[in-house]
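Heads up, the thing below is written out as structure tokens.
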Amino acid sequence: MRKQFVFSIIAFALSLLVSVVAAEGILRLKNSSMKNYDIEMWRYARELKTPSPQPELGHDHIKNGSAILQSVEIRTNDWKLRGGPVLPRDEVDRRILFLGGSITLGWGVPENETITSRVQTALREKGEKVDVLNGGVGNYNAERYVQRFFSELAGLKPTDIVVQYFLRDAEQLDPSGGNWFLRNSELAVTIWIAANRVLNRSGETSLIDHYQNVYRDDQPGFVEMQRQLRELADYAKKNNIRLYFAMMPDVHNLKNYPFGFIHEKMKTIARADGYKYVDLLPALSNLSPEQIWAMPGDPHPNALGHKLMADAVLPVLDP
């Protein structure tokens, strides 16, 4: 009887293991089309990111990396910026550095169609000796990209800094890198995402509630965001760096946009710190998700969105 029980346990464990391995294999085959946004973001974290020794950053890009993600190549250079090698400083009269998260990075958008590449091309066509650098990193907030500038990018000696600010940049972010299963298994990631969607509210109403809470004056993330932007502004003033604040809207609902209260709040904060403020909402307003999203299920601006953003920023940057 005991042997039979042990045999049953072993048989069950082996069956479970075979089922899990089969499910993992099927998922990987299915996701090889690069159409699953969540899995592509997971691959981005595995292939182009590394834990940062600075706790406040959480993670960072690797140097000189390259990966095909969501059918688009993302490469990093010596400075861990998206793009090719950075020109020597004495070869350009002007250096514009964009700071931000995955929207600035240009998630889902070819490198030459991102906002930074488009701005650089347009200014060079006007005769400027300029390079425009892409300092976007996925899953960064204001604290992370400002601190990354001080610790890694100040040596670039930019003449201009553009903070491409998104609504999430006032949120507090968890520095955790996840457990072994979440780092290595598409099945585990899929189950974790599905469980979170079931347990957490979704939809526009809950998103509005969420951001109303994030932007309360007493929220630690909101307070820290303001402190970081002010610290960057103080540095820029001391070093004669021109500062710009490009307010990026959420692209879930651009036709009846519900987050204007955040734009007004950030305009007041940015101008008080000396940033030249430009709102990107008018350039993108009335576009549907089908027109602006990188792909179904991925609320990042596509190449058209980056063109419209570049067109909105250029008049502010063009001397």
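The values are calculated or read from the model by the stated rules, or taken from the named source; none is laboratory data. Quick caveat, the model's predicted, so the values are computed rather than measured. Here the Cβ positions follow ideal geometry from the backbone for every residue, glycine too, while neighbour counts run over all protein chains shown. In case anyone asks, the SASA skips ligands and DNA or RNA and just uses the protein heavy atoms, side chains included. Shrake-Rupley method; radii C 1.70, N 1.55, O 1.52, S 1.80 Å.
Within region 227-319, which trypsin sites (Lys or Arg not before Pro) sit in a loop by DSSP and count at most 15 neighbouring Cβ atoms inside 10 Å?
Filter output for region 227-319: 255.
Once you've got the Cα coordinates, tell me which of 80/157; 63/238; 126/307; 129/157 are over 20 Å apart.
63/238
Stretched out fully, how many nm does the piece from residue 268 to residue 125 gain, at 0.36 nm a residue minus the Cα gap?
Here the answer is 48.1 nm.
Calculate the length of the line joining the C-alpha centroid of region 56-106 to that of region 208-277, in whole Å.
23 Å
Tell me, in nm to one decimal, what length is gained between residue 206 and residue 286 on full extension, where the rule is 0.36 nm per residue of separation less the Cα-Cα distance?
Stretched out fully, the residue 206 to residue 286 stretch lengthens by 26.6 nm.
Send over a whole-number figure in Å² for the accessible area per residue of region 261-319, probe 1.4 Å.
On a per-residue basis, 45 Å².
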